[in-house]
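Novice: Below: one structure in structure tokens.
The values are calculated or read from the model by the stated rules, or taken from the named source; none is laboratory data. Computed from a prediction, not measured in an experiment: that's the story for all the values here. A quick note on method: Cβ atoms are made from the backbone with ideal geometry, for glycine too, and the neighbour counts reach across all protein chains shown.
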Amino acid sequence: METPFEELLDSFHQPLRPTLIVTDAFLFWAIGVGNRRNIPVASFFPMSSTVFSVFYHLDLLAQHGHFPVDLSEKGNEIVDYIPGVSPLRLLDLPSFIFSSNQYTLHRTLDLISWIPKARTFMAMDTDKHVVSKRKNVEKATDSPIVVAVRWSLDR
């Protein structure tokens, strides 16, 4: 999809040249396209900010012996160390973290590594306690649904 997108961008002439790319975070290649062309990119994560925080801090699950894990043995253990996320059971985390098919997990981790390269990050604001823990949070609209975060997540 990257090559046809670049060809589309090449077809625009002034004054119709794009000044912003808004992309689904799973299409992280669009961030590279925008950066190469000096076009700001806003990356939208299509899940809640809690889910984003869990993936962003997956290393903390590993440090606490919760990844990888056998959920039949440890599923009821409490995870209370992910920044901005209320305590929850391992069983309450997104199921594809623990799935034997790791494709979705690896794709998500790939996109997490690209997020800091985007000018702006947007996530569903269903979990205001997660977003409020972040620096430089700006409401994208008056709607409670989407927030824009000028990238500066702390590890």
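Novice: In region 64-105, how many residues are assigned to a helix (DSSP H, G or I), over 14 Å from Val51 (Cα atoms) and either touching a helix residue (DSSP H, G or I) at 6+ places or on another chain (Cβ under 9 Å) or of a type in the set (Lys, Arg) (or both)?
Specialist: Residues that pass the stated criteria total 3.
Novice: Now, a different point. Does Phe26 satisfy the criteria of being part of a loop (DSSP other than H, G, I, E, B), in contact with a Leu (Cβ under 8 Å, 6 or more places away or on another chain) and under 20 Å from Ala123 (Cβ atoms)?
Specialist: Criteria met by Phe26.
Novice: Is it the case that Thr108 is surrounded by 20 or more Cβ atoms within 10 Å (Cβ to Cβ), out of contact with any Cys (no Cβ under 9 Å at 6 or more places or on another chain) and in a helix (DSSP H, G or I)?
Specialist: yes
Novice: Only residues that are assigned to a loop (DSSP other than H, G, I, E, B) and among the hydrophobic types (A, V, I, L, M, F, W, C): list them for region 1-23, please.
Specialist: Start the filter on region 1-23 by keeping residues that are assigned to a loop (DSSP other than H, G, I, E, B), which leaves 1, 12-20.
Scanning region 1-23 gives Met1, Phe12, Leu16, Leu20.
Novice: Could you list, in sequence order, all residues of region 18-33 that are surrounded by fewer than 20 Cβ atoms within 10 Å (Cβ to Cβ), of a type outside the set (Phe, Trp, Tyr) and in contact with a Lys or Arg (Cβ under 9 Å, 6 or more places away or on another chain)?
Specialist: Correct list: Pro18, Leu20, Gly32.
Novice: Got at least one residue in region 71-83 being touching a residue at least 60 places away in the same chain (Cβ under 8 Å) and either at negative phi or among the basic types (Lys, Arg) (or both)?
Specialist: yes
Novice: Could you count how many residues in region 84-133 are closer than 17 Å to Ala42 by Cα, at pLDDT 75 or above and among the hydrophobic types (A, V, I, L, M, F, W, C)?
Specialist: Selection size over region 84-133: 7.
Novice: Can you tell me which residue is modelled with the highest pLDDT among those in region 6-35 that are within 28 Å of Phe52 (Cα to Cα) and of a type in the set (Phe, Trp, Tyr)?
Specialist: Ranking the qualifying residues of region 6-35, first place goes to Trp29.
Novice: What residue, among those in region 97-126 that are touching a residue at least 12 places away in the same chain (Cβ under 8 Å) and aromatic (Phe, Trp, Tyr), is farthest from Val33 (Cα to Cα)?
Specialist: Across region 97-126, the extreme among qualifying residues is Phe98.
Novice: Which of (1) in contact with a Leu (Cβ under 9 Å, 6 or more places away or on another chain); (2) polar (S, T, N, Q); (3) under 30 Å from Pro18 (Cα atoms); (4) modelled with pLDDT of 90 or more does Asn38 not meet, given it meets every other one?
Specialist: It fails just one condition, (1).
Novice: Can you find even one residue in region 34-49 that is surrounded by fewer than 13 Cβ atoms within 10 Å (Cβ to Cβ) and touching a residue at least 60 places away in the same chain (Cβ under 8 Å)?
Specialist: Yes, region 34-49 contains at least one residue that is surrounded by fewer than 13 Cβ atoms within 10 Å (Cβ to Cβ) and touching a residue at least 60 places away in the same chain (Cβ under 8 Å).
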